[in-house]
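Here's the structure we're looking at; comments come further down.
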Amino acid sequence: MRTVKLVASGYTWICPECSGENYTGAATTHVMCEHCQAQFAVAGFTHRMADLQKQQMCLFDQEGERSRGVAPSDELPF
């Protein structure tokens, strides 16, 4: 089977100051809450992965290491 790379189109995050839900389109090092204008450094990124056979949601950090679900040794194409 041929492979393709997926490009994340954005990230959501919750403001620790006002609990407002925010969206940023690009992976960045700093964000500002659109509700209260508080600014924060970004600690990391989490990506959701669907196992096509089991239809379970799995979380991976920005380096593709396993935090829950499918292990990186399962030869995912990234």
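Each value in this text was obtained by applying a stated rule to the coordinates, not by laboratory testing. This is a predicted model, so every value here is computed, not measured. For neighbour counting, all protein chains shown are included, and Cβ atoms are generated from backbone atoms with ideal geometry for every residue, glycine included.
Give the order of Thr24, Thr29 when sorted by the count of other beta carbons within 10 angstrom, beginning with the fewest.
Fewest to most other Cβ atoms nearby, the residues stand as Thr29, Thr24.
For Asn22 and Thr46 in the same chain, what is the full-extension length gain: residue separation times 0.36 nm, less their Cα-Cα distance, in nm?
Gain on extension, Asn22 to Thr46, equals 7.1 nm.
For a quick check: sort Val31, Val7, Val42 by the number of other beta carbons within 10 angstrom, fewest at the front.
Placing the least packed residue first, the sequence is Val7, Val42, Val31.
For the range 37-48, take each phi angle, set θ = phi - 60°, evaluate the Karplus expression 6.51 cos²θ - 1.76 cosθ + 1.60, and give the result in whole Hz per residue in order, putting x for glycine and proline.
6, 5, 10, 9, 7, 8, 7, x, 10, 10, 10, 8
Taking the Cβ of Cys15 as the center, what net charge do the other residues with Cβ under 10 Å away carry, scoring Lys and Arg +1 and Asp and Glu -1?
With Lys, Arg at +1 and Asp, Glu at -1, the net is -3.
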